[in-house]
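Reading through the structure tokens given below for one structure.
The values are calculated or read from the model by the stated rules, or taken from the named source; none is laboratory data. Quantities reported herein were computed from a predicted structural model and do not represent experimental measurements. Please note: Cβ atoms are built from the backbone with ideal geometry, for glycine as well, and neighbour counts cover all protein chains shown.
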Amino acid sequence: MLALRLPIAIALLLSAAARKITFPPAIGLMDQRILGHGGNIDVTSGPAFAGLTTYANLPYVHCLAGDDEVEKYDIAILGAPFDTLARERDLALEEFDKALGELRQRQLGIYTRIVSGRTSNSSDFKTPRIVTLGGDHTTTLSALRSTYHRWGPVSVIHFDSHIDTWDPDVLGGGISSYAGVNHGTFLHIAHEEGLIRNTSIHAGIRAPMVRPKGDMRNDIRCGFQMIKARDIDRIGINGVIDRLKERVAGSRVYISVDIDVLDPAYAPG
Ligand SMILES: [Mn+2]
């Protein structure tokens, strides 16, 4: 039995060691050079088609570096390459991904809290603003958890063709609470966790309901009013803007945009 137990103990020790991740200091990346150019091209500020790729080729800081290791910033573009909680993909994978998905949600929430927890560079406001680019729409739940941590409950302006407040019992729930998190239920969960105010509003809704009356009742319970896509023909762009401003007036606001709110002519697929 001892011979059997020993490898298990070593494996556990090794896995404990493997979990302790040490990230290189951000400055270490600055030392990288492209070969064949005399060693004098910095990949972090060199040609746009080589080296580290960032949004719009902007300078970057390491998400998890210590505060004294990174340059200050006012607005951060945070990449969230995460699509494990979208539904209607391979069913076997979907079930597996639900378990992994909740873990990655929590991870993303921690990154967002660190990135938004630093002091900004500007004298106008102390906390940096974060623009998160997903990813499937559940990335908003992580962002709202982080936003709540700093600002308390916020109003949500939600540009989307779907309401995304579906009760997990109606849309893709499962045997546990984490299995109920998906790209159509995350605003319901945000409401249940107390992250959002009952002064929120959707804009651009044009997708069908699962339960026409029940879904609408639940949507209102989650704190939302609704501007439908066709309302723009009646009240125009300025009318939409006025309704959004009126709804969230006097509160802090989180803005979320789902690409499917656009006309498919401009965002196909
Ligand atoms: Mn959505």
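Looking at (1) under 25 Å from GLU69 (Cβ atoms); (2) within 15 Å of the chain's Cα centre (by Cα), which is the one condition that is false for GLY101?
(1)
Would you mention how many residues in segment 166-186 are farther than 19 Å from ILE201 by Cα and either under 11 Å from the mean Cα position of the chain (by Cα) or of a type in the set (D, E, K, R) (or both)?
So the count comes out to 1.
Please find, within segment 172-185, the residue that is modelled with the highest pLDDT out of those that are more than 20 Å from ILE227 (Cβ to Cβ) and within 12 Å of the ligand (Cβ to nearest atom).
THR185
Only one of these conditions is not met by PRO168: (1) within 16 Å of the ligand (Cβ to nearest atom); (2) closer than 26 Å to ILE241 by Cα. Which number is it?
(2)
Hey, does segment 81-97 have a residue that's modelled with pLDDT of 85 or more and surrounded by 15 or more Cβ atoms within 10 Å (Cβ to Cβ)?
We begin by selecting, within segment 81-97, every residue modelled with pLDDT of 85 or more; these are none.
Checked against the condition, which is being modelled with pLDDT of 85 or more and surrounded by 15 or more Cβ atoms within 10 Å (Cβ to Cβ), segment 81-97 yields no hits at all.
Scan segment 131-165 residue by residue and report those that are more than 16 Å from the chain's Cα centre (by Cα) and under 22 Å from PRO264 (Cβ atoms).
If the condition is that a residue be more than 16 Å from the chain's Cα centre (by Cα) and under 22 Å from PRO264 (Cβ atoms), then SER161, HIS162, ILE163 are the ones that fit.
Suppose we filter GLY172, GLY194, GLY239 for residues that are surrounded by 15 or more Cβ atoms within 10 Å (Cβ to Cβ) and either not in a helix (DSSP H, G or I) or not acidic (Asp, Glu) (or both); which single one remains?
Working: GLY194 fails: surrounded by 15 or more Cβ atoms within 10 Å (Cβ to Cβ); GLY239 fails: surrounded by 15 or more Cβ atoms within 10 Å (Cβ to Cβ).
Being surrounded by 15 or more Cβ atoms within 10 Å (Cβ to Cβ) and either not in a helix (DSSP H, G or I) or not acidic (Asp, Glu) (or both) holds for just one of GLY172, GLY194, GLY239, which is GLY172.
Quick one: which residue in ILE196, ILE163 is in contact (Cβ under 8 Å) with a residue 24 or more places away in the chain and within 13 Å of the ligand (Cβ to nearest atom)?
When all the criteria are applied, what remains is ILE163.
Given VAL261, VAL253, which one is closer than 23 Å to SER155 by Cβ, within 16 Å of the ligand (Cβ to nearest atom) and of a type outside the set (Gly, Ala, Ser)?
Result: VAL261 is the single residue among VAL261, VAL253 that is closer than 23 Å to SER155 by Cβ, within 16 Å of the ligand (Cβ to nearest atom) and of a type outside the set (Gly, Ala, Ser).
If I filter segment 115-125 for residues that are crowded, with 17+ Cβ neighbours inside 10 Å and outside any loop (DSSP other than H, G, I, E, B), do I get at least one hit?
Yes, some residue in segment 115-125 is crowded, with 17+ Cβ neighbours inside 10 Å and outside any loop (DSSP other than H, G, I, E, B).
Inside segment 109-142, can you point out the residues that are of a type in the set (Gly, Ala, Ser) and either within 13 Å of the ligand (Cβ to nearest atom) or out of contact with any helix residue (DSSP H, G or I) (no Cβ under 9 Å at 6 or more places or on another chain) (or both)?
Selection gives SER120, SER122, SER123, GLY134, GLY135.
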